[in-house]
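The values are calculated or read from the model by the stated rules, or taken from the named source; none is laboratory data. It should be emphasised that the depicted structure is a prediction, and the values quoted were computed from it without experimental measurement. Positions of Cβ are backbone-derived with ideal geometry, glycine not excepted, and every protein chain shown enters the neighbour counts.
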Amino acid sequence: MEKEQKHREARNMIRTAELFAGVGGFRIGLERAGGYEVVFSNQWEPGTKKQWASEVYEARFGKEGHTNIDVNDVEVASIPSFDLLVGGFPCQDYSVASTSKNSKGLIGKKGVLWWSIHKILRDSEEKPKYLMFENVDRILKSPTAQRGRDFAVILKSLEELGYAVEWRVINAAEYGMPQRRKRIFILGFLKGTKAYESMKADSEIWMKESGICAKAFPADFEGSSRFEIEGDIISVSSEFSKGKKASPFETAGAMIEGKAITSKAVPEYEGPFATLGSILEKGPISQEFYIDDLARWEYLKGPKKEKRITAEGFEYYYSEGGMSFPDSLDKPSRTIITGEGGKSASRFKHVIKEGDRHRRLTPTELERLNMFPDGHTYIDKITDAKRAFFMGNALVIGIVERLAREIKIFDLDPEYIGYEEN
């Protein structure tokens with residue numbers, strides 16, 4: 001009986017491959033949702049000899065199934081079978097450089113990491129049922145000359161691989177989380193899954209009511225538009241949105257078989273809201289985080305209009321508005337940046353006031369803003385600045401957790417096509 005129970009539990013686990021793993025934000029979110037098993041992970045930081053993020057990942061999750069090599073060098077055949085592919089890939093120029101019949105089709109520009117994801121999906125013996133990717137929301141509007149082309153290329157390439165796709169731009173703070181961090185989450189569903197068939201039946205209902213994003217992050221929707229992403233991947237790359245001033249993609253949408261629907265999502269949330277003040281450490285704080293000379297900080301964070309001269313002698317005026325200083329404790333924090341650590345004064349680092357003194361945020365507080373466990377990024381010899389860098393690159397775990405729970409519900413539904421009763 002116990003053996004049968006373990007077999008059933010193993011069968012119901014969603015086997016996951018994690019790319020661009022960083023220090024494991026996706027993995028923590030999946031584990032908190034329950035029902036997920038990460039069978040493969042890859043993390044590589046180009047241009048650095050010491051692979052600190054990978055070392056943190058191994059320290060927290062072990063070395064089994066983890067690789068620390070350039071993602072372009074990952075052998076697809078070496079990845080164990082998996083049901084879900086996740087990753088936060090860089091926002092780059094996704095245009096298509098060329099095609100070749102001898103290379104199984106698409107070749108994107110060298111070094112553009114989306115095509116590494118594409119290669120894994122394309123060459124996997126059995127394609128994963130689900131995809132979950134994260135990126136900055138400007139991907140919906142890039143590049144300037146062809147607004148929305150980059151996102152259209154991604155959608156088209158996934159369609160050609162057999163996936164329906166939904167997307168949603170989510171600001172974590174608007175759903176009660178402690179940081180104002182706006183990112184796009186892209187979910188893919190392989191043809192034959194219940195999610196794919198549900199979207200095919202009515203993509204608008206899926207986007208607004210019954211889909212993964214709609215269930216995890218309820219919203220109202222302002223207007224909607226439909227259009228087709230026509231042609232093959234090459235024509236999309238060269239012609240999409242040419243001559244238009246605006247991208248057709250709004251903050252929510254769904255696409256199946258080339259047909260897209262998109263709308264502006266307005267969050268609907270009635271729960272509690274976390275604040276910057278709610279995540280602060282209670283115990284004594286090291287003196288290195290306190291600021292004694294505020295003059296430089298006040299200048300950088302204040303409004304300014306200054307005459308500047310370029311190296312060629314051209315004069316111009318530089319201006320910028322003021323920022324809240326110190327940061328408000330009764331609101332969610334601003335977005336964490338990679339340069340959050342270190343003692344040097346900065347316009348963008350967080351500064352809070354405690355009593356009569358001002359201080360920077362500690363690495364533990366930065367972890368809490370992304371909903372990581374306390375001390376997750378701490379290992380021997382790692383600097384506070386590097387730990388802050390990790391959090392500037394990370395995602396808010398609560399978003400992954402909510403999306404993963406909804407995917408799991410779909411996966412366990414006995415109406416799922418291919419579900420084995422016995």
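I'm checking my understanding of the structure. Among residues of the stretch 351-392 that are more than 25 Å from the chain's Cα centre (by Cα) and of a type in the set (Val, Ile, Thr), which one is farthest from residue 88 (Cα to Cα)?
For the stretch 351-392, the residue satisfying everything is 352.
Please name all residue pairs, on different chains or six or more residues apart, with Cβ atoms under 8 Å, provided the first residue is in the stretch 71-93 and is exposed (fewer than 14 other Cβ atoms within 10 Å of the Cβ) and the second residue is part of a helix (DSSP H, G or I) and hydrophobic (A, V, I, L, M, F, W, C).
The qualifying pairs are 76/120.
Name the residue, out of 116, 203, that is modelled with pLDDT of 95 or more, among the hydroxyl-bearing types (Ser, Thr, Tyr) and assigned by TED's automatic domain parsing to the domain that holds residue 408.
On inspection, the qualifying residue turns out to be 203.
For residue 317, are the conditions met, namely being out of contact with any Asp or Glu (no Cβ under 6 Å at 6 or more places or on another chain), outside the structural domain of residue 202 (by TED's automatic domain parsing) and more than 18 Å from residue 362 (Cα to Cα)?
yes
Yes/no matrix, rows are residues, columns are (1) of a type in the set (S, T, N, Q); (2) more than 26 Å from residue 171 (Cβ to Cβ); (3) modelled with pLDDT under 95; (4) not assigned by TED's automatic domain parsing to the domain that holds residue 194:
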site	(1), (2), (3), (4)
342	no, yes, yes, yes
366	no, no, no, yes
370	yes, no, no, yes
375	no, yes, no, yes
400	no, no, no, no
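Quick one: how many residues across the stretch 116-175 are aliphatic (A, V, I, L, M), under 24 Å from residue 393 (Cα atoms) and within 16 Å of the chain's Cα centre (by Cα)?
Going through the stretch 116-175 one residue at a time, the tally reaches 11.
Is at least one residue of the stretch 286-295 under 28 Å from the mean Cα position of the chain (by Cα) and either free of Cβ contacts under 8 Å to residues at least 60 places away in the same chain or on the phi < 0 side of the Ramachandran plot (or both)?
no
Condition (residue is in contact with a Leu (Cβ under 7 Å, 6 or more places away or on another chain), farther than 20 Å from residue 175 by Cα and among the acidic types (Asp, Glu)) applied to the stretch 346-356: is it met by at least one residue?
no
Going by what's in this entry, would residue 357 be described as farther than 30 Å from residue 216 by Cα and in contact (Cβ under 8 Å) with a residue 12 or more places away in the chain?
yes
Any residue at all in the stretch 135-156 that's assigned to a strand (DSSP E or B), of a type in the set (Asp, Glu), crowded, with 21+ Cβ neighbours inside 10 Å and touching a helix residue (DSSP H, G or I) at 6+ places or on another chain (Cβ under 7 Å)?
No, the conditions are met nowhere in the stretch 135-156.
Testing residue 207 on (1) touching a Cys at 6+ places or on another chain (Cβ under 8 Å); (2) not in a helix (DSSP H, G or I), one condition comes back false. Which one is that?
Just one mismatch for residue 207, condition (2).
May I ask you to verify whether residue 359 is under 29 Å from residue 272 (Cβ atoms), of a type in the set (D, E, K, R) and not assigned by TED's automatic domain parsing to the domain that holds residue 58? Steps first, please.
Working: under 29 Å from residue 272 (Cβ atoms): yes; of a type in the set (D, E, K, R): yes; not assigned by TED's automatic domain parsing to the domain that holds residue 58: yes.
Answer is yes for this residue.
Among the residues of the stretch 177-229, count how many are without any contact (Cβ under 8 Å) to a residue 12 or more places away in the chain and surrounded by fewer than 16 Cβ atoms within 10 Å (Cβ to Cβ).
Result for the stretch 177-229: 4.
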